[in-house]
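The structure appears below as structure tokens.
The values are calculated or read from the model by the stated rules, or taken from the named source; none is laboratory data. What you see is a predicted model; the values in this text were computed from it and never measured. Cβ placement follows ideal geometry from the backbone for every residue including glycine, while neighbour counts extend to all protein chains displayed. Areas reflect the complete protein model, heavy atoms only, side chains present, ligands, DNA and RNA absent. Shrake-Rupley method; radii C 1.70, N 1.55, O 1.52, S 1.80 Å.
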Amino acid sequence: MKRDDSKTYKVIKQHKRHYPNPIKLRKGETVIIGEKYNGNEGWKNGIYCFIVDNRLEGWVPEQIIKKQGKHGVIVEDYTAKELDVEIGEQLIKCKELNGWYWMKKIETLEEGWVPIENVVELK
């Protein structure tokens with residue numbers, strides 16, 4: 001993922017990944033479009049998708065899907081990989097999308113998605 005700024009954040013709430021085998025998509029890949037996310041967390045614009053060969057499924061940002069009926073074409077590479085974080089860890093924000101930050105751990109360089117409400121920017 002391309003980095004959009006170099007702001008450093010501190011984890012204020014632990015986060016553990018929800019899916020051990022997250023969906024990973026390549027630009028141009030076709031998916032079957034499922035339900036739109038409708039939860040209370042405020043994570044907007046998520047659509048549950050299935051890869052056409054049914055090997056993976058998961059939540060995908062609506063903004064990266066070019067809809068074509070019940071199918072869609074992915075317009076940029078994407079992975080739903082979440083990052084396990086502990087309180088006090090420091091992270092670098094790389095991208096923001098739908099209530100989540102794509103972040104990199106300063107200590108290990110591991111990357112993944114973290115809910116925005118789990119971190120605060122260090123000044």
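Just one of the numbered conditions (1) modelled with pLDDT of 95 or more; (2) under 23 Å from M103 (Cα atoms); (3) open to solvent by less than 100 Å² (accessible area, probe 1.4 Å) is not true of K13: (3). Looking at the range 4-49 only, could you name the residues that are hydroxyl-bearing (S, T, Y) and either farther than 22 Å from H71 by Cβ or in contact (Cβ under 8 Å) with a residue 24 or more places away in the chain (or both)? Answer for the range 4-49, where residues must be hydroxyl-bearing (S, T, Y) and either farther than 22 Å from H71 by Cβ or in contact (Cβ under 8 Å) with a residue 24 or more places away in the chain (or both): S6, T8, Y9, Y19, T30. In this entry, I51 is excluded by the filter for residues that are out of contact with any Leu (no Cβ under 8 Å at 6 or more places or on another chain), open to solvent by less than 90 Å² (accessible area, probe 1.4 Å) and either under 18 Å from E107 (Cα atoms) or not charged (D, E, K, R) (or both). Would you confirm, using the coordinates I've provided, whether I65 is out of contact with any Cys (no Cβ under 6 Å at 6 or more places or on another chain) and open to solvent by 70 Å² or more (accessible area, probe 1.4 Å)? Taking the combined requirement at face value, the residue does not satisfy it.
Within the range 21-36, the set of residues being farther than 18 Å from V73 by Cβ, touching a strand residue (DSSP E or B) at 6+ places or on another chain (Cβ under 7 Å) and open to solvent by 60 Å² or more (accessible area, probe 1.4 Å) comprises just one member, E35.
When we screen V73, V60, V11, V52 for residues that are closer than 17 Å to V114 by Cβ and among the β-branched types (V, I, T), the only hit is V11.
Condition check ((1) surrounded by 13 or more Cβ atoms within 10 Å (Cβ to Cβ); (2) within 12 Å of the chain's Cα centre (by Cα); (3) hydroxyl-bearing (S, T, Y)) across all residues:
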residue	(1), (2), (3)
K70	no, no, no
T79	yes, yes, yes
E82	yes, yes, no
E86	no, no, no
